[in-house]
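Chemist: Attaching a single structure in structure tokens format; questions to follow.
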Amino acid sequence: MKFSDPTRPDAQIGLARARPQARALAQGRGTFTSDITLPRMVHAAFLRSPYAHATITAIDLAPARTMPGVVAVLDGAAMADLCTPWVGVLTHLKGLKSAPQYPLAVGRVRWQGEPVAMVLATTRAQAEDAAEHIMVSYDPLPPVVDAAAALAPGAPLIHPELGDNLAFERHIDTGNTDAAFAAADHIIEADFTFARHTGVPLEPRAVLADWNEGAQRLTIHQGTQVPHMMQTIYARHLGLDESQIRVISPDVGGSFGIKIHVYPDEMAVVAASRLLRRPVRFVADRLESFVSDIHARDHTVHARLAIMNDGTITGFDIDDLTGIGPYSAYPRTSAVEANQVINLIGGPYRFAHYRARARVAFQTKAMMSQYRAVGHPIATSVTEGLIDRAASHLGIDPVTIRRRNLIPDDAYPCTSPSGMRFEALSHHACLDRLLTLMDYDALRAEQASLRQRGIMRGIGIASFIEITNPGAAFYGVGGARISAQDGATLRLDAAGRLIVQASVTEQGQGTTTILAQIAAEAMGVAFDHVRVMLGDTDVTPYGGGTWASRAAGIGGEATWQAARALCAQILTLAASILQETSGNLDISGGAVIDRASRAERITLAELARIAYFRPDTLPKGIQAELIATRHYVPREYPFAFTNGIQAAWLELDTETGFITLLKHWVVEDCGTVINPMLVDEQIRGGVVQGIGAALFEQCDYDAEGQMLNASMADYLVPMAGEMPDITIAHITTPTAESTIGAKGAGEAGTAAASAAIANAVNDALSPLAISLATIPLTPARILAALQTGTGRAGGRP
Amino acid sequence: MKAAAFDYIRPETLGAAITLLTRHGPDAKLIAGGQSLLPALNLRLSAPGLLIDIGRLAALRGITLADRTLHIGAGCTHAQVMTHPLIQRHAPLIARALADVAHPAIRARGTFGGSLANADPAAELPACALALDAVMHAQGPAGPRRIPAAEFFTALFETALAPDEVLTGVDIPIQGDTQWGFAELARRTGDYAMVGLAAVARPGTIRLGWFSVGQTAILAHRAAATLTEGGPLEAACTALADDLPAHDDPQASAAMRLHLARVLLRRVVGAWGGR
């Protein structure tokens, strides 16, 4: 493979380059939305519903309007005149329904935290002071908290006009599943529960909207992954032309999918700027983030596995139920996760019979939608949890049963029973590498000897697949105006340096760095001579942005193609200047060289000088074109699947129920690795989020629909003190669809970490014949199971 | 969220602080490190009209040893106390407990007296004060007075301090042949514990100071008496059921908390040997 030779000229792809931007960020010189202050800017604060479900009987804004510094106070009725409502459905998710959602609640509130009124004031503190003086009368309605209860007959209807609380239901059936289960030697069955959690990015949601009445243009600075999608949304719901809207995403402090959705408070901010004809800034504080950012997961899965005596899997039978809050999120919907769960279950394995049902229920809790590794942790936990239970039931080693059932590495291309098409995966190579990396046999021996001394340690393994590089299949085919292709423009400036403008975005993961590496190598210039500009709809090509692990594979390839196009243009120009055939020339080290001798002919700086300042010296008819744009979207496969495997090693204190993580390993295959350091850190960060899901994070709701732990003191994010060392290795199977061959890596860590941890906990508990299927695995849950001797015991969450 | 508006005064002397406190009454709050108060202000759980900053008062600083009594100024930060040679030598329990108080940044600002006066039932230091039989020094308009730790923590976030009194320091009696132990169970490093124990054995007395078990830090008298009388550890564990209130919270039910308390007692006292 061309990128595997480190001695190739101008090598950049594969180098572990640190992010140049990190220096400015570490020095406090980043520019986040909350760093931007504009003349005449006002601050927004929101009054949010204290009830999970209630009718608004009266709102009195007058007392707030007289408070110091207040510029305006708006409620749902006023806002409905400024911004049209939206409905989060997509046509390819057949039957998905939702109700119109407004920026501020109109007539009824449907979750605790839903914005009800908005104050605009000279300072945020004044806006908050005034918000306390808005008088809202509520008539409480019965809350609908539990997803199963939401679907029960007679459940209170969250949107009476929809007829029931079922937002979406999908079935997969390959046929003959009942027969396969009847013929199976063993049926393994378990009920898995996945708590709600949320993203908690370091920088909360932030938006600064600036309507310029003179120019009739709206400039929006926003921490978002998707500037062009937001441009479309704002135009559509504010009645503007897209050309009137510029969305700039400055530095963004993490997102994990949180900043990819349309939020009612953010829509209200933008609408208010137009009303007031002045800049309006809103930065969500931590408390409101917990009840207004999208939540994720919240699934219960009844799962059955059909297996033969020799460990061969013959079928899966799955019933997934998820609760999404009162609306399907816009414009990506809240049905994608459940859809993904049943698409991905069993994915690493060869089996024939599959039946699955996914149901998506409305509830009166905060909205749920796409968050890092959408659906993957659930699918992986269910699959790998069943496989470990099967191994235990049959008395065979967890590695042996996986080796027996993982799709052979030479079986590709192939299609899964749920219809997922795999171009080329490497499950067995990854498993082999993992066993070496962790010294599996020695670890098992250590575990056995420690058990003799009463020390309970566990090993958990989880294979996974990850959806990356999506084309139009996710959203475009369903009617969403979310670009599936991305573009890059490369320009040689007058000093011979390179400027890249690309439509994918950066939230701290290093997109900027890898695009610079790709451009530098493709052009044959120094890494330091490339400057990358992202996140500005007035500046970059049109594109989808960064989500679903697509920036490297799609944006990176567009950058490569644009660089190669610019190279060709430069060589044409150089050929005319040098009186040479362009085929005899190449670019390397920032200069045009002789292809055969690799001797320098003319530097790019000199060539640019001539092109920009002395075009009069060029031959007649030669016009220098020192800019090129290319777009890219994979067309052969709807997604570039990646694969990998993780393992966890941990110790369980059976007296306290506490878990100490000792070590974690990941072997994954994202194709060509553009920057191994950034890929590894992406994976580590993802593993940490998966560990958060496995052990710590849950949005704890009471029966009234009140979130009980909506603060950083009470909601336990994973922190460095509890994290194990995470060792990472790679198998490289490039996708043949692109020149670079890179697939995504952003979600691999999250996809399987919680499954590996849960399997390790159950492995540690195996001498006691206890197994748990609910995450997070809190000390309370573990102690309850230990005391009752059963995995089904709940205890307090 | 932003704190509601408040006034702020930093008096130069303890006397001036007490005068301000007397004049403004319950509308005023003392601030030193601010590590509990500022979050409460930002959450608008508390909205005092005046903050009186005693964080820089020299009279509240200093750690001294005299007449077999260790004195810790209320204004010493956790970090200063934790690393002080006198503390490490004569009150290692406190140094050990402080290692579990939040994170270095918080320990650099939070104060010893602030934590005691805040009387958070989940905080480590009140339980240590109980176990060490500390004596609190308070000063008000009527002058100084001393309050035994056992009488200091009266209710949830409430102490025996009068509204116009300032906690100025803490005396800890030092005895040569003291055994001590400390353990807590927290989900993450630096979190408030689900349950915690500060235990001190002096000749003739054992004190078991518990935190995160109810409305205040408490001494487990029955379990301690059992141990003091030389009774078996398991009998002390049994007695804990009567000592500890039945306290439920989202992290642990009362039964689980009692179970964990017994685990800690076995581990801490068991490590002393001889039982």
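Laboratory data are not the source of any read-out in this text; all were calculated from the coordinates shown. Just so it is clear, the structure is predicted and the values come from calculations on it, not from any experiment. Backbone-built Cβ (ideal geometry, glycine too); neighbour counts: all protein chains shown.
Chemist: Rounded, prolate or oblate: which fits region B:51-114, taking a ≥ b ≥ c as square roots of the Cα gyration tensor eigenvalues, rounded meaning a/c under 1.5, else prolate when a/b beats b/c? Walk me through the intermediate numbers first.
Modeler: Numbers: a/c = 2.57, a/b = 1.15, b/c = 2.23.
Cα axes put region B:51-114 in the oblate bin.
Chemist: I would also like to ask the following. With 10 angstrom as the radius, rank B:Arg267, A:Arg614 by how many other C-beta atoms surround their C-beta, starting from the fewest. Don't skip to the answer; put the middle values down first.
Modeler: Working: B:Arg267 14, A:Arg614 9.
Lowest count first: A:Arg614, B:Arg267.
Chemist: List the residues of region A:519-552 whose backbone N lies under 20 Å from a point placed 7 Å from the Cα of A:Ala16 along the Cα-to-Cβ direction.
Modeler: Within reach of a label on A:Ala16, which here means backbone N under 20 Å from a point 7 Å along Cα→Cβ, region A:519-552 contributes A:527-528.
Chemist: Return, ordered by residue number, the residues of region A:673-714 whose backbone nitrogen is under 19 Å from a label point located 7 Å along Cα→Cβ of A:Thr660.
Modeler: From region A:673-714, the list is A:695-696.
Chemist: Let me know the longest stretch in chain A that avoids all trypsin sites (Lys or Arg not before Pro) found in a DSSP loop with at most 14 other C-beta atoms within 10 Å.
Modeler: Numbers: sites that count: A:Arg29, A:Arg40, A:Lys94, A:Arg277, A:Arg453, A:Arg598, A:Lys620, A:Arg635, A:Arg792.
The longest such stretch corresponds to A:95-276.
Chemist: Could you list the chymotrypsin sites (Phe, Trp or Tyr not before Pro) in region B:191-275 that lie in coil according to DSSP, counting only those with at most 13 other Cβ atoms within 10 Å of their Cβ? Don't jump to the answer; show the numbers that get you there.
Modeler: Values: sites: B:Tyr192, B:Trp210, B:Phe211, B:Trp272; in loops: B:Tyr192, B:Trp272.
Here no chymotrypsin sites (Phe, Trp or Tyr not before Pro) fit, given the DSSP loop and packing criteria.
Chemist: Moving on to the next point. Does region B:179-270 come out rounded, prolate or oblate by the C-alpha gyration tensor, with a ≥ b ≥ c the root eigenvalues, rounded set by a/c under 1.5 and, if not, prolate when a/b is larger than b/c and oblate if not?
Modeler: Numbers: a/c = 1.98, a/b = 1.53, b/c = 1.30.
Since a/c reaches 1.5 and a/b is larger than b/c, the shape of region B:179-270 is classed as prolate.
Chemist: If each residue of separation counts as 0.36 nm, what is the full-extension length gain between A:Ala411 and A:Met723 once their alpha-carbon separation is subtracted?
Modeler: Contour length minus Cα-Cα distance gives 108.6 nm.
Chemist: What's the magnitude of the charge dipole for the protein assembly as shown around its Cα centre, counting Lys and Arg as +1 and Asp and Glu as -1 at the beta-carbon? Answer in Debye, nearest 20.
Modeler: Around 1240 debye, computed over the protein assembly as shown.
Chemist: Same structure again: Charges on Cβ only, +1 for Lys and Arg, -1 for Asp and Glu, centred on the Cα centroid of region B:7-53; of B:Leu41, B:Ile52, B:Ala17, which one is farthest towards the dipole's positive end?
Modeler: B:Leu41
Chemist: Sticking with this structure for a sec: Let me test this: with uniform point scatterers at the alpha carbons of chain B, what is the Debye-based log₁₀ I(q)/I(0) at q = 0.08, 0.09, 0.11, 0.12 1/Å?
Modeler: For chain B at q = 0.08, 0.09, 0.11, 0.12 Å⁻¹, log10 I(q)/I(0) is -0.32, -0.41, -0.61, -0.72.
Chemist: Looking at A:Gly113, A:Ser711, A:Pro279, which one has the Cα that reaches farthest to the positive end of the dipole of chain A (charges on Cβ: Lys, Arg +1; Asp, Glu -1)?
Modeler: Looking along the dipole axis, the top candidate is A:Pro279.
Chemist: Let's test the formula: R0 of 30 Å, r as the Cβ-Cβ distance of A:Met41 and A:Asp538. What FRET efficiency results, to the nearest 0.05?
Modeler: Efficiency for this residue pair is about 0.90.
Chemist: Provide the gained length on full extension for the span A:Ala736 to A:Arg614, in nm with one decimal, where the gain is 0.36 nm per separating residue minus the Cα-Cα distance.
Modeler: 39.6 nm
Chemist: Further question on the same structure: Restrict the search to region A:689-797; then list the GluC sites (Glu not before Pro) that DSSP places in a loop and that have at most 15 other Cβ atoms within 10 Å of their Cβ.
Modeler: In loop regions of region A:689-797 (DSSP not H, G, I, E or B), the sparsely surrounded GluC sites (Glu not before Pro) are A:Glu704.
Chemist: Expressed in nm to one decimal, what extension gain is obtained for the pair B:Arg188 and B:Asn42 from 0.36 nm per residue of sequence separation less their Cα-Cα distance?
Modeler: Working: separation 146, 0.36 × 146 = 52.56 nm, distance 2.37 nm.
Roughly 50.2 nm would be gained on extension.
Chemist: On to the next question. Can you find, among A:Phe194, A:Leu604, A:Gly535, the residue sitting farthest towards the positive end of the charge dipole of chain A, where Lys and Arg contribute +1 and Asp and Glu -1 at Cβ?
Modeler: A:Leu604
Chemist: Between A:Ala495 and B:Arg56, with labels modelled 7 Å along Cα→Cβ, what's the label distance in nm to one decimal, could you check?
Modeler: 4.6 nm
Chemist: Pop a pseudo-label 7 angstrom from the Cα along the beta-carbon direction at both A:Leu157 and A:Glu606 and give the gap in nm to one decimal.
Modeler: For A:Leu157 paired with A:Glu606, the spin-label model returns 7.9 nm.
Chemist: What 222 nm value per residue comes from the helices of chain A, counting each DSSP H run with n ≥ 4 as -39,500 (n - 2.57) and dividing by all residues, nearest 500 deg cm²/dmol?
Modeler: -8500 deg cm²/dmol, from helical runs alone.
Chemist: Turning to a different aspect of this structure: Per residue of B:249-262, what is the mean number of Cβ atoms on other protein chains within 10 angstrom of that residue's Cβ?
Modeler: Numbers: counts 1, 9, 8, 7, 5, 0, 5, 9, 0, 0, 5, 6, 0, 1.
Mean shielding by partner chains, rounded to a whole number: 4.
Chemist: Apply 1/(1 + (r/R0)^6) to the Cβ-Cβ distance of A:Asp319 and B:Ala162, taking R0 = 45 Å, and write down the FRET efficiency to the nearest 0.05.
Modeler: Efficiency, rounded to the nearest 0.05: 0.10.
Chemist: Classify chain A as rounded, prolate or oblate, taking a ≥ b ≥ c as the square roots of the eigenvalues of its Cα gyration tensor: rounded when a/c is under 1.5, otherwise prolate if a/b is larger than b/c and oblate if not.
Modeler: Verdict is oblate for chain A.
Chemist: Follow-up. Placing +1 at every Lys and Arg Cβ and -1 at every Asp and Glu Cβ, with all other atoms neutral, what dipole size does region B:140-223 have around its Cα centre, in debye to the nearest 20?
Modeler: Approximately 260 debye in magnitude.
Chemist: Helix by helix, which DSSP H runs in chain A go 30 Å or more along their axis at the Cα atoms and have an average Kyte-Doolittle hydropathy of 0.0 or more?
Modeler: Working: long enough: A:556-578 (32 Å, 0.90).
Span-like helices in chain A: A:556-578.
Chemist: Right, here's the next one. On a 0 to 90° scale, report how tilted helix B:254-270 is relative to the longest principal axis of chain B, with both axes built from alpha carbons and the result rounded to the nearest 10.
Modeler: 70 degrees
Chemist: Something else: Residues in region A:47-79, backbone N under 17 Å from the label point at A:Ala703 (7 Å along the Cα-to-beta-carbon vector): list them, ranges by number please.
Modeler: Those under the cut-off are A:52-53.
Chemist: Test of the criteria: in region B:148-244, which GluC sites (Glu not before Pro) are in a DSSP loop and have at most 13 other Cβ atoms within 10 angstrom of their Cβ?
Modeler: Taking region B:148-244 and a limit of 13 other Cβ atoms within 10 Å, the loop GluC sites (Glu not before Pro) found are B:Glu229.
Chemist: Something else now. Run lengths n ≥ 4 of DSSP H only: what is the helix-derived mean residue ellipticity at 222 nm for chain B, with -39500 (n - 2.57) per run over all residues, to the nearest 500?
Modeler: Details: 12 runs with 97 residues, N = 275.
Helix contribution divided over all residues of chain B: -9500 deg cm²/dmol.
Chemist: Can I ask one more? Taking the Cα centre of region B:23-165 as the origin, how large is its charge dipole in debye, to the nearest 20, when only Lys and Arg (+1) and Asp and Glu (-1) carry charge on their Cβ atoms?
Modeler: 400 debye
Chemist: What's the FRET efficiency of A:Thr193 with A:Asp439 using the Cβ-Cβ distance as r and R₀ = 35 Å, to the nearest 0.05? Before the final figure, lay out each step's value.
Modeler: On the way: r = 33 Å, r/R0 = 0.96.
After rounding to 0.05, the efficiency reads 0.55.
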